[in-house]
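Asker: Below you will find the structure I want to go over with you.
Nothing in this text is a laboratory measurement; each read-out follows from the coordinates by a stated rule. What you see is a predicted model, and the numbers here were worked out from it, not measured in a lab. Cβ sites come from the backbone with ideal geometry, for glycine too, and all protein chains shown count toward neighbours.
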Amino acid sequence: MADDQMNGSQILLKALEEQGVDVIFGYPGGAVLPIYDEIFKQDAIRHILVRHEQGAMHAAEGYARSTGKVGVVLVTSGPGATNTVTGLTDALMDSIPVVCLTGQVPTHLIGNDAFQEADITGITRPCTKHNYLVKDVNALARMVHEAFYVARSGRPGPVVVDLPKDVMTAMGDYTPVSRVTHRTYKPRMKGDINLIRRAVDIMAAAKRPILYCGGGIINSGPAASQLLTEFVRLTGFPCTLTVMGLGAFPASDPLYLGMLGMHGTYEANLAMHGCDVMVAIGARFDDRITGRLADFSPNSRKIHIDIDPSSINKNVPVEVGIVGDVGHVLEDMIKVWKAEQASPDQKALAEWWKSIDQWRARDCLRYEKSTKVIKPQYALQRLYELTKDLDDVYITTEVGQHQMWAAQHYRFDKPNHWMTSGGLGTMGYGLPAAMGVQVAHPKALVIDIAGEASVIMNIQEMSTIAQYRLPVKVFILNNEYMGMVRQWQELLYGGRYAETYMHCLPDFVKLAEAFQAVGLRATKPGEVDDVIREMIETDRAVIADIRVDQMENCFPMIPSGAAHNEMLLGPGDEAETPVAEEGMVLV
Amino acid sequence: MTTQTETEIQTTIAVLVDNEPGVLARVIGLFSGRGYNIESLTVAEVNTQEGLSRITIVTSGTPMVIEQIKAQLERLVPVHKVCDLTMDGAYVDRELALVKVKSTGEARVESLRVAEIFRARVVDSTSESFVFEIVGDTGKLNAFINLMEPLGLVDVSRTGVAAIARGSRPL
Ligand SMILES: Cc1cc2nc3c(=O)[nH]c(=O)nc-3n(C[C@H](O)[C@H](O)[C@H](O)COP(=O)(O)OP(=O)(O)OC[C@H]3O[C@@H](n4cnc5c(N)ncnc54)[C@H](O)[C@@H]3O)c2cc1C
Ligand SMILES: Cc1ncc(C[n+]2csc(CCOP(=O)(O)OP(=O)(O)O)c2C)c(N)n1
Ligand SMILES: [Mg+2]
């Protein structure tokens, strides 16, 4: 036995290898030196040296969301570990599978306020799906395998494994993944067939149905998007997607109503409000979706498919809650639908589509065109037009107006090509996430659609991007404001722009050069296409500084706490100006 | 939104968990983090061989919140089983209290008399004090402690509720 013993660091790396890990985003320090020493001696796993541990987390998220695999992070104890907390919370909120390995002081020092000690399992308990403190080298391999299993199974999420330094040097035995089964955590995949039948019956009787679909479909994998597409086309029902769900159903399909929610389309939100049957598929009734709960889709029968039982009946009570993986459930649902030859009232459905088409005719995403200033929407439309025919394009975003405009104007036909921080809304997410995506897809065009305020939050990662020659494109819609916050101040706080103007911004072109990237700038609408083309054609990292209209607001908008039929459609729409007439007839 | 305005109910939940470090912190953190009530919480290992502990939680909330609490508990990775004893039929619940009463003369005699009625046992005594041990449901313990208040009550220690379903079926 003693012969095949290894030290903890070797066991760790062997376990990672067995888990199929090919890249780690990390940053070294005293507590993880033994692990880095083993990393030095091997070349099965690539290590990407970030410039801040938060960057490692978001990079791992981008890697995970764009590949469907688990992202892996390695950081040192204390400050290295605490720097991951925002990223862990982000991954928890958006259900992203990440395993974060944190160094820890030696076991005999734990609890002694040792140098660079932080109670990271304590700190991260509420912001991880689960966490482990490994105290015994012989339990190490099992815990690592469990961590990967927990991170990727059921509703995915971040898992921390805390690794005391002495455990990483102690000798012990390796446990292969084939010998590890989890005692308690066995998420349900198949949905209850009787509930699926009931759901199909309700849908078959619908006159004004809607399918409200979310990030759970992306979590389930590309097959679930396929099945969803099949199901939508089979039923002929309208389909709307959440911010997290974009790409789960092709945006180019006529049955697609666009995104719903606070900045969703007029047609999607009024259809949600007026429907008689709502089917929520891998979506979690977030408050950005529901608005004022008491007025949320008041007259509909609701069906909810979700792998996490706690998502069902959390915010909105539903008539049929089906616990299971969307892929499995949709597969069964399609079978039942076909077997029962479900045929909804076609006349009613046609009427419903007629109303929807009237709402569509409002063309809610239109904006005032300008020949003088670059409208941010225009810049994004051009970006979309000039990149849509390229093979593999991945979009990440920061957080703010630009994020919502990107969600509205960039159209996704495939899952896993859109990475954004939805639940936590973490400014500074987009650049490191793009870096992670690019590491996973070296040949792809990866664009971070950024705000100038957000991108500065993790701008240090430009240095990582330079080191690994990652051709990431940073497309900044530079309005010199924290635009999203300024918009709220304009609409709700009498235009008192407290602390939202971005004084002393860097010159982004020079900044790009300082990071060995290419800097480009557009200040007039006529320059936008050229800058985009040059950006695409450059085989190095680019920062494109697009100077956009500083005062543009993001519409449509449902002010927080309002109902879906109280949407603001554009400038001049006062909070009380309801779009309601058309919407109201359905209420 | 009828369910949201529904009145609160009290419920007793039994949770079987892996007896591993931090598991109680996870459960308590869940309740505080999500703003749920804990009226009573007890925990002890119940199966040494398999390393299982049983947590009994008395909580209250609207039916929708109670459903959330159970779903959230089930979501914790080291949780084996969550059982709503209040929902699932008849169950027995018991609590133990140690009640210290300091008094002399008539009050001292009266405290003994009350203890007898409640079947509380004297487990310690000095010339001016008793410690009573009383077992029963929460209501009985409350009643006893209330009666002891004017008779020189100085200290109370309670275990919290342990509960188990009636009948032959295990959790
Ligand atoms: C500035 C800003 C504005 C925003 N405005 C909007 C807006 O207008 N519209 C909008 O939609 N969002 C908006 N968001 C995002 C919003 O906050 C939420 O992140 C988003 O709505 C949640 O998406 P989701 O419901 O698809 O759930 P997700 O967070 O993606 O959750 C996925 C759900 O699916 C379940 N699930 C996971 N895996 C599976 C599986 N295999 N099978 C079945 N179920 C599974 C999970 O349990 C969970 O319930 C905004 C965010 C920001 C920062
Ligand atoms: C870390 C963090 N801090 C604060 C906020 C609040 N916030 C949301 S959007 C926003 C402004 C973003 O500005 P910018 O990146 O320039 O994007 P814009 O809205 O101008 O497009 C702020 C401050 C946040 N989401 N994240
Ligand atoms: Mg800005």
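Asker: Evaluate peptide B:71-78: per residue, the Cβ atoms of other protein chains within 10 Å of its Cβ; return the mean as an integer. Write out the running numbers ahead of the final one.
Answerer: On the way: counts 8, 4, 1, 4, 11, 4, 14, 4.
Partner-chain Cβ atoms within 10 Å, mean over residues of B:71-78: 6.
Asker: Can you put A:Asp173, B:Asp155 in order, fewest other beta carbons within 10 Å first?
Answerer: B:Asp155, A:Asp173
Asker: Hey, quick one: spin label on A:Leu505, modelled 7 Å out along Cα-Cβ, who in region A:464-490 has an amide N within reach, i.e. under 20 Å?
Answerer: What the label zone holds, given the 20 Å backbone N cut-off, is A:473-490.
Asker: Determine which aspartates and glutamates satisfy two conditions relative to A:Lys443: a Cα distance under 18 Å, and not lying fewer than 8 residues away in the same chain.
Answerer: Within the straight-line limit of under 18 Å, A:Lys443 reaches these aspartates and glutamates: A:Asp22, A:Asp389, A:Asp391, A:Asp392, A:Glu534, A:Glu537, A:Asp539.
Asker: Taking chain B as the reference, fit the longest principal axis to its C-alpha atoms, fit the long axis of helix B:105-117 to the helix C-alpha atoms, and give the angle between the two in degrees, 0 to 90, nearest 10.
Answerer: 40
Asker: Calculate how many DSSP beta bridges within chain A are antiparallel, expressed in % of all such bridges and rounded to the nearest 5.
Answerer: Antiparallel bridges: around 5 percent, rounded to the nearest 5.
Asker: Could you pull out the pairs from A:Lys14/A:Lys314; A:Lys375/A:Lys510; A:Lys207/A:Lys338 whose alpha carbons sit more than 29 Å apart here? The partial results should precede the final answer.
Answerer: Details: A:Lys14/A:Lys314 41 Å; A:Lys375/A:Lys510 24 Å; A:Lys207/A:Lys338 19 Å.
Table pairs above 29 Å Cα-Cα are A:Lys14/A:Lys314.
Asker: Can you work out ³J(HN,Hα) from phi for every residue in region A:519-527, in order, using Karplus 6.51 cos²θ - 1.76 cosθ + 1.60 and θ = phi - 60°, giving whole Hz and x for Gly and Pro?
Answerer: Values per residue, Gly and Pro as x: x, 10, 8, 10, 10, 10, x, x, 8 Hz.
Asker: Within region A:428-496, which chymotrypsin sites (Phe, Trp or Tyr not before Pro) sit in a loop by DSSP and count at most 12 neighbouring Cβ atoms inside 10 Å? It would help to have the intermediate numbers written out before the result.
Answerer: Values: sites: A:Tyr429, A:Tyr468, A:Phe475, A:Tyr481, A:Trp488, A:Tyr493; in loops: A:Tyr429, A:Tyr468, A:Tyr493.
Answer by residue number: A:Tyr493.
Asker: For the ranges B:41-52, A:260-271, A:132-143, what's the packing order if you count other beta-carbon atoms within 10 Å of each residue, average per peptide, and put the highest first?
Answerer: The densest-packed peptide leads the list: A:260-271, A:132-143, B:41-52.
Asker: Still on this structure: Please order A:Met435, B:Met64, A:Met551, A:Met419 by the number of other Cβ within 10 Å, starting at the fewest.
Answerer: Least crowded to most crowded, the residues run A:Met551, B:Met64, A:Met419, A:Met435.
Asker: Between region B:58-129 and region A:307-338, how far is it from one alpha carbon centroid to the other, in angstrom?
Answerer: The distance from the Cα centre of region B:58-129 to that of region A:307-338 comes to 39 Å.
Asker: Next question, about the same structure. Could you state the angle between the C-alpha long axis of helix A:430-440 and the longest principal axis of the C-alpha atoms of chain A, as a value from 0 to 90 degrees rounded to the nearest 10?
Answerer: That helix lies at roughly 70 degrees to the long axis.
Asker: Region A:428-479 to region A:505-535: how many Å between their Cα centroids?
Answerer: 14
Asker: What does the helix-only formula give at 222 nm for chain A: each DSSP H stretch with n ≥ 4 adding -39500 (n - 2.57), the total divided by the residues, and the result rounded to the nearest 500 deg cm²/dmol?
Answerer: When only DSSP H runs of four or more count, the value is -11000 deg cm²/dmol.
Asker: Among the lysines, select those whose C-alpha is under 20 Å from the C-alpha of B:Lys100, and discard any that sit fewer than 8 residues away in the same chain.
Answerer: The reachable lysines, counting only those whose Cα sits under 20 Å from B:Lys100, are B:Lys140.
Asker: Oh, and also: Taking Cα pairs under 8 Å and at least six residues apart, what relative contact order does chain B come out at, in percent?
Answerer: Details: 314 pairs, mean separation 44.4, N = 171.
Reported relative contact order: 26 percent.
Asker: If you don't mind, there's one more thing I want to ask. Quickly rank A:189-195, A:59-65, A:19-25 as a protection proxy: mean count of other C-beta atoms within 10 Å, highest first.
Answerer: A:59-65, A:19-25, A:189-195
Asker: To the nearest 500 deg cm²/dmol, what mean residue ellipticity at 222 nm is calculated for chain B from DSSP H runs of n ≥ 4 alone, each contributing -39,500 (n - 2.57), summed and divided by the residues?
Answerer: Theoretical 222 nm ellipticity from helices: -9000 deg cm²/dmol.
Asker: Give me the count of lysine pairs in region A:124-195 whose alpha carbons sit under 24 angstrom apart, restricted to pairs 8 or more positions apart or on different chains.
Answerer: Number of lysine pairs found: 4.
Asker: Just need the relative contact order of region A:129-196 here, percent rounded to a whole number, with Cα pairs under 8 Å and 6+ apart.
Answerer: It comes to 39 percent, rounded to a whole number.
Asker: With θ set to phi - 60°, apply the Karplus curve 6.51 cos²θ - 1.76 cosθ + 1.60 along region B:63-79 and write out the HN-Hα couplings as whole Hz, x wherever there is a Gly or Pro.
Answerer: Working through the residues one at a time gives x, 5, 5, 4, 4, 4, 4, 5, 5, 5, 5, 5, 6, 5, 4, x, 8 Hz.
Asker: Once fully extended, how much extra length lies between A:Tyr497 and A:Arg533, figured as 0.36 nm per residue of separation less the alpha-carbon to alpha-carbon distance?
Answerer: Stretched fully, the A:Tyr497-A:Arg533 segment lengthens by 9.4 nm.
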